[in-house]
1. Is it true that some residue in the range 392-403 is assigned to a strand (DSSP E or B) and at pLDDT 95 or above?
2. Out of the residues in the range 418-458 meeting the condition of being of a type in the set (Asp, Glu) and in contact (Cβ under 8 Å) with a residue 12 or more places away in the chain, tell me which one is nearest to Glu90 (Cα to Cα).
3. Inside the range 323-381, counting only strands (runs of 3 or more DSSP E) that do not spill past its ends, which hold 2 or more residues that are in contact with a Lys or Arg (Cβ under 6 Å, 6 or more places away or on another chain) and over 26 Å from Thr91 (Cβ atoms)?
4. Could you tell me whether the range 383-390 includes any residue that is under 30 Å from Glu172 (Cα atoms), surrounded by 13 or more Cβ atoms within 10 Å (Cβ to Cβ) and at pLDDT 95 or above?
5. Out of all the residues in the range 349-368, which are surrounded by fewer than 20 Cβ atoms within 10 Å (Cβ to Cβ) and touching a residue at least 40 places away in the same chain (Cβ under 8 Å)?
6. Just a yes or no: is a residue in the range 31-41 under 26 Å from the mean Cα position of the chain (by Cα) and assigned to a loop (DSSP other than H, G, I, E, B)?
7. With respect to Ile318, determine if the residue is surrounded by fewer than 17 Cβ atoms within 10 Å (Cβ to Cβ), over 24 Å from the mean Cα position of the chain (by Cα) and among the hydrophobic types (A, V, I, L, M, F, W, C).
8. Applying the selection to the range 326-348, what residues are of a type outside the set (Val, Ile, Thr) and either crowded, with 17+ Cβ neighbours inside 10 Å or under 12 Å from Gly289 (Cβ atoms) (or both)?
Amino acid sequence: MRQRMPEQDRAERIHNFQEVALGYTPTQALAEANRCLKCKHPKCVEGCPVEIDIPTFIDYIAQGEFDLAIKRIKEKNNLPAICGRVCPQETQCEALCVLGKKDEPVAIGRLERFVADYELKQKSGFRGQGSEEEKLKTKNKQLKVAVIGSGPAGLTCAGDLAKLGYNVHIFESLHATGGVLRYGIPEFRLPKHILDIEIEYIKSLGVEILVNMVIGKVLTIDDLFQEGYKAVFIGTGAGLPLFLGIEGENLNGVYSANEFLTRVNLMCAYQFPRYDTPVRIGKRVGVVGGGNVAMDSARCALRLGAEEVYIIYRRSRIEMPAREEEIHHAEEEGIKFQILTLPVRIIGDSQGQVEKVECVEMELGEPDASGRRRPIPIPDSRFILPIDTMVIAIGQSPNPLLLKETPKLELTKEGTIVVDESGRTSMKGIYAGGDIVTGAATVISAMGAGKRAARAIHEDLS
């Protein structure tokens, strides 16, 4: 039987920002690792965007060789403690697990998290230092490479290039490193101290990180090449929020999910009252959307004191793009799901504060381009939902600031960068990956893009 992940009790966790999933014990990890069938032709590796040797690291765990397990993982993955927490393994490596055909698949992600956390606990400070082999590689600096953005794509690309001996500088626009890992994912899913340790490991490989550097304003990409950088990787993500385009979105109390989660994460609302973060939470909060960002926003609002929190989603629960684990946790914590519902007007009071939202009921028609059934408004079905805070979590697009300063870079009609399968753009020496290419996607897919781009940069510069 698949080992159940220990969790913080629901009644307690809704009042704090401490991690919900608590991680396996050594006994649980050994039991779960021994469920692996040791396939002659394992399929799980095919589902890993960062190419981890999954069968070998699980076999090491089964033997109790936890040190060897994390060493094998880090040959391919620079951020294992992060991936073990936020990677959607259920749709990737675990989806291809042969055991899953007749039983529940091996909990690959939970095992990855276990050995990453084991290393942290057993060898305090070790995760913040590259191995001797990696350090030797960084002593032979070859060529300068610039990485724009310190999110999952940028950190992965930088770490892989540093291991290959390149002199890598990351340029981060904010004052803190991590990109969406820091400002977009709540503390109860990814603790900041875990992120800090992973970043220290990247820095120990020889990567230098420069913060408060808005490329496109402080420096342009042309400036970087003039300063001697031989390649530039763009991993700036998709930080421009999308809105519904309905009446009332400019009222007080309406947030984009980007703004809301940044106030909570980067401005430390999760440590209130130690930090008096300027984020107003009303008694009744509505979050529009059905993805992981919507679940994160709703669960943050609950922890910040909201009495009632609604997920307002135009399709049914089945079509929600969020991870099943996140939906389950939200339901367990008392988040109310207002499904098959579309907001059409936000209504404010005389002071310009959100007071209620007018919605229309939906029904599902034929599948659209996404493969999900298209939501269709039901005639004469409008109703009012009392709400005093609204969070719009329906997606993001690339921030055009950097791209406007590089007009020769080929873009799609959605404003994302056009690349080949290795991350090469239309301009020589410029590479890109992550949400700036795909639009809003997963952390692990961005990491995979960073890894492929690092490989391409090394190939081209060699």
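The values are calculated or read from the model by the stated rules, or taken from the named source; none is laboratory data. Everything quoted here is computed from the prediction, not taken from an experiment. Heads up, the Cβs are rebuilt from the backbone with ideal geometry, glycines too, and the neighbour counts pull from every protein chain shown.
1. Of the range 392-403, the ones assigned to a strand (DSSP E or B) are 392, 396-397.
If we keep only those that are at pLDDT 95 or above too, we end up with 392.
For the range 392-403, residues assigned to a strand (DSSP E or B) and at pLDDT 95 or above: present.
2. We begin by selecting, within the range 418-458, every residue of a type in the set (Asp, Glu); these are 420-421, 435.
Imposing the further condition that a residue be in contact (Cβ under 8 Å) with a residue 12 or more places away in the chain reduces the set to 421, 435.
Numbers: Glu421: 24, Asp435: 21 Å.
Filtering the range 418-458 for residues that are of a type in the set (Asp, Glu) and in contact (Cβ under 8 Å) with a residue 12 or more places away in the chain, the one nearest to Glu90 (Cα to Cα) comes out as Asp435.
3. The strands (runs of 3 or more DSSP E) meeting that bar are 341-348, 354-367.
4. Initially, the range 383-390 is screened for residues under 30 Å from Glu172 (Cα atoms), giving 390.
With the extra rule that they be surrounded by 13 or more Cβ atoms within 10 Å (Cβ to Cβ), the set shrinks to 390.
Restricting the remaining residues to those that are at pLDDT 95 or above gives 390.
Yes, the range 383-390 has at least one match.
5. Gln351, Gly352, Gln353, Leu364 - these are the residues of the range 349-368 that are surrounded by fewer than 20 Cβ atoms within 10 Å (Cβ to Cβ) and touching a residue at least 40 places away in the same chain (Cβ under 8 Å).
6. no
7. no
8. Glu326, His329, Ala330, Glu333, Phe337, Gln338, Leu340, Leu342, Pro343, Gly348
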